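Below is one structure, written out as structure tokens; comments come after it.
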Amino acid sequence: MSRYQTLVPRPVQARPAGGTFELTPQTPLVAAPGAEQAADVVRLLLAPLRLPLRPASAGDGLAVRLDPGIGHPEGYRIRVDETGIQLYASTLDGIRHATQTLRQLLPDAAWRTVPPPGARWPVECGEVIDAPALAWRGGMIDVARHFFSKHTILRYLDLFAMHRLNRLHLHLTDDQGWRIGSRRYPRLAEVASHRPHTQAGWFRDNPETDGTPHGGYYTLDDLAEIAAYAAERGITVVPEIDLPGHASALLAAYPQLGSGRHTVRIGWGISTSVVKPVPATVRFLADLIEELTDAVPGRYVHLGGDECPLHDCWGGDEEVARYQRELGLTGHVELFGHFMRELAGVLTAHGRRMVVWDEAFVGGGLLADSVVAAWRGDGVSRRAAAAGYDVVRCPVFPTYFDYAQSDDPDEPLSIGGPITLEDVAGFAPVPESWTEQERAHVLGAQFQAWSEYIPDPAHLDYMVFPRACAFAEVAWTGRPAADDFVTRLAAHLSRLDAAGCRYRPLSGPLPWQTGGTGHRRRVGGTPIAVVREHLERLAERADIPPDMATMA
Ligand code: ACM
């Protein structure tokens, strides 16, 4: 099969022609006038080939041209004939995508960090013409429930770039851990970044813990490094501080932001740790946001807004009641909306757009430019788009990759499911039934790797890949994956092997990827149909109803 028929995500057009061109130590990297920086981008992304790619300004070889005629800002064109390779785009991001596709046209060894002895780099002649349908093609990694090292995140940025995904949403804070090392608020690192042990087994039926401390955090310099590494690959990091709920770790370190006593949680579910929405809290958070936006330069900051048992947490608090009266607000949902808008205003002052889970849309917590990450189903996504907000489509079904990939009894522990590779491949991020105006507000889509049941990077690979390959195709093309997806994927998995990604094979888990008979054994978990129905109902409201906390 021609490598032009193995590309993932599938380009708009990819056509082989006869013959080959080989990249060798003598091949120059030819920058057209004004494309010197674009040539640097190509050199950086092809560094694993260990070719000198000596700079040249004319002649045959690997040629790079910035061509304003390529209308789409992320569009690109590749032409390979027996005299050389030409990469065209109108922006550096387009050149980056062209280079990633070229790397897929090369032998699989191009995905190793260093080539094996004797590696050669032939490329079949042909042409690729391509551009993405959606601007936001993302994935979320939950580094709060389980911490993943900076090196794991950098490796994921390489995997994202390989699939032309361009947003990495880092869920940096939650009840079970706070992962941002603040200079102003040192107790976040000292207290909020670790827990003494972790719940073992499924959250509803296993009170046991593993007895092992867990923790970690990124310094602001680490976050700046991650963001810069991402930017070099055309990826924007979207950092999330989840507010006002999911705040046990924050409140364990700074109890004055809430009421009562809190500890960094060891178990899963929805907690009753919600910060008080009062001016002192907003001032504290504004300081943190300033530190975060100084470190991470992208346009977006995610501020959470999900799963707040507002009545349970604010109902009996006199200070909250007084502030609510002062503002002339009639209920906790209005106060929640006010709080989220205040934080959105802080972001505006830093030149950023707020991203929030869809509860903040339902609760009136948005500014006009806020982006809604719609997770509770198609209904709330459409309502947000109809109201004129930009929407990132991330419905639990089929974008939550913490759900099992099959009903196979060998699957390891997960929250429930299944959400199969075929489910992801069949996702239509821009539903045909929506109006033209609603469809225009679909900024894009992203998958979610919540990590309650993902304790280490090997298991992260298992849960994310190859579903992320299908997702990347859906996000790039704006519609369900093409009919030949599984054939292309079968070839693409060899690239993931070379890249060292420990994905789930199409035939099921390898012996060491199964759940076994201990704490990691499969339990049924919540069936996906039940989850979907439950969330569709919850999506009518902005908060978690009284006494429902600890439900997942
Ligand atoms: C979420 O899954 N709580 C956004």
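Things worth noting here:
- Candidates 493, 510, 506: the one that is of a type outside the set (D, E, K, R) and surrounded by 14 or more Cβ atoms within 10 Å (Cβ to Cβ) is 493.
- Residue check, residue 368 surrounded by fewer than 17 Cβ atoms within 10 Å (Cβ to Cβ) and more than 20 Å from residue 448 (Cα to Cα): yes
- Region 372-390, residues that are within 14 Å of the ligand (Cβ to nearest atom) and either assigned to a strand (DSSP E or B) or under 15 Å from residue 448 (Cα atoms) (or both): 372, 373, 374, 375, 376, 377
- Pairs, first open to solvent by 10 Å² or more (accessible area, probe 1.4 Å) in region 287-314, second modelled with pLDDT under 95 and more than 16 Å from the ligand (Cβ to nearest atom), C-beta under 6 Å, six or more apart: 311/546; 312/546
- Any hit, region 420-440, residues being within 21 Å of the chain's Cα centre (by Cα), surrounded by fewer than 23 Cβ atoms within 10 Å (Cβ to Cβ) and closer than 23 Å to residue 304 by Cβ: no
- Check on residue 233, at pLDDT 95 or above, within 16 Å of the ligand (Cβ to nearest atom), open to solvent by 10 Å² or more (accessible area, probe 1.4 Å) and farther than 21 Å from residue 339 by Cβ: no
- Pairs with Cβ under 6 Å, 6+ apart, first in region 12-35 and at positive phi, second crowded, with 17+ Cβ neighbours inside 10 Å: 19/125; 34/66
- With respect to the stated conditions, residue 489 fails to be without any contact (Cβ under 8 Å) to a residue 40 or more places away in the chain and either touching a Pro at 6+ places or on another chain (Cβ under 7 Å) or within 16 Å of the ligand (Cβ to nearest atom) (or both).
- Residue within region 527-538 that is part of a loop (DSSP other than H, G, I, E, B), more than 21 Å from the chain's Cα centre (by Cα) and not charged (D, E, K, R) present: no
- Selected residue (only one of 253, 247 is within 19 Å of residue 144 (Cα to Cα) and within 16 Å of the ligand (Cβ to nearest atom)): 247
- The residue list 286, 224, 230 contains one member that is assigned to a helix (DSSP H, G or I), in contact with a strand residue (DSSP E or B) (Cβ under 7 Å, 6 or more places away or on another chain) and among the small types (Gly, Ala, Ser), which is 230.
- Each residue in region 514-528 was checked for being surrounded by fewer than 16 Cβ atoms within 10 Å (Cβ to Cβ) and among the small types (Gly, Ala, Ser), and 3 of them qualify.
- So residue 495, is it at pLDDT 95 or above, among the charged types (D, E, K, R) and not in a loop (DSSP other than H, G, I, E, B): yes
- The strands (runs of 3 or more DSSP E) found wholly in region 59-173 and carrying at least 1 residues that are more than 27 Å from the chain's Cα centre (by Cα) occupy 62-66, 76-81, 84-89, 121-130.
- Screening residue 1 against (1) within 23 Å of residue 485 (Cβ to Cβ); (2) assigned to a strand (DSSP E or B); (3) of a type outside the set (Ser, Thr, Tyr) leaves a single unmet condition, (2).
- Qualifying residue in region 256-265 (condition: open to solvent by less than 20 Å² (accessible area, probe 1.4 Å), assigned to a helix (DSSP H, G or I) and at negative phi): yes
- Taken over region 175-195, the criterion of being among the basic types (Lys, Arg) and within 16 Å of residue 142 (Cβ to Cβ) is satisfied by 179, 195.
- Of the residues making up region 327-342, those that are open to solvent by 10 Å² or more (accessible area, probe 1.4 Å) and either within 16 Å of the ligand (Cβ to nearest atom) or assigned to a helix (DSSP H, G or I) (or both) are 327, 332, 333, 334, 338, 341, 342.
Quick grid of which residues meet (1) at pLDDT 95 or above; (2) under 20 Å from residue 544 (Cβ atoms); (3) not basic (Lys, Arg):
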site	(1), (2), (3)
319	yes, no, yes
328	yes, no, yes
331	yes, yes, yes
352	yes, no, no
376	yes, yes, no
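- Tally, over region 266-283, of residues that are of a type outside the set (S, T, N, Q) and either in contact with a helix residue (DSSP H, G or I) (Cβ under 6 Å, 6 or more places away or on another chain) or assigned to a helix (DSSP H, G or I) (or both): 9
- From the list 347, 335, 413, the one residue that fits, being at pLDDT 95 or above, touching a Leu at 6+ places or on another chain (Cβ under 7 Å), among the aliphatic types (A, V, I, L, M) and over 24 Å from residue 437 (Cα atoms), is 335.
- Qualifying residue in region 179-194 (condition: open to solvent by 20 Å² or more (accessible area, probe 1.4 Å) and touching a Pro at 6+ places or on another chain (Cβ under 9 Å)): yes
- Restricting region 343-362 to residues that are within 14 Å of the ligand (Cβ to nearest atom) and open to solvent by less than 10 Å² (accessible area, probe 1.4 Å), the residue that is nearest to residue 277 (Cα to Cα): 360
- Out of 449, 475, one residue alone is open to solvent by less than 10 Å² (accessible area, probe 1.4 Å), within 16 Å of the ligand (Cβ to nearest atom) and modelled with pLDDT of 95 or more. It is 449.
- When residues of region 400-433 are limited to those that are touching a strand residue (DSSP E or B) at 6+ places or on another chain (Cβ under 8 Å) and closer than 12 Å to residue 378 by Cβ, the one farthest from the ligand (Cβ to nearest atom): 430
- Within region 289-309, one or more residues are over 29 Å from residue 227 (Cβ atoms) and either among the polar types (S, T, N, Q) or assigned to a loop (DSSP other than H, G, I, E, B) (or both).
The values are calculated or read from the model by the stated rules, or taken from the named source; none is laboratory data. Predicted, not measured: the structure shown is a model, and the values here were computed from it. Here the Cβ is made from the backbone with ideal geometry for all residues, glycine too, and neighbour counts use every protein chain on show. Protein only, heavy atoms only, side chains kept; ligands, DNA and RNA dropped before computing areas. Shrake-Rupley method; radii C 1.70, N 1.55, O 1.52, S 1.80 Å.
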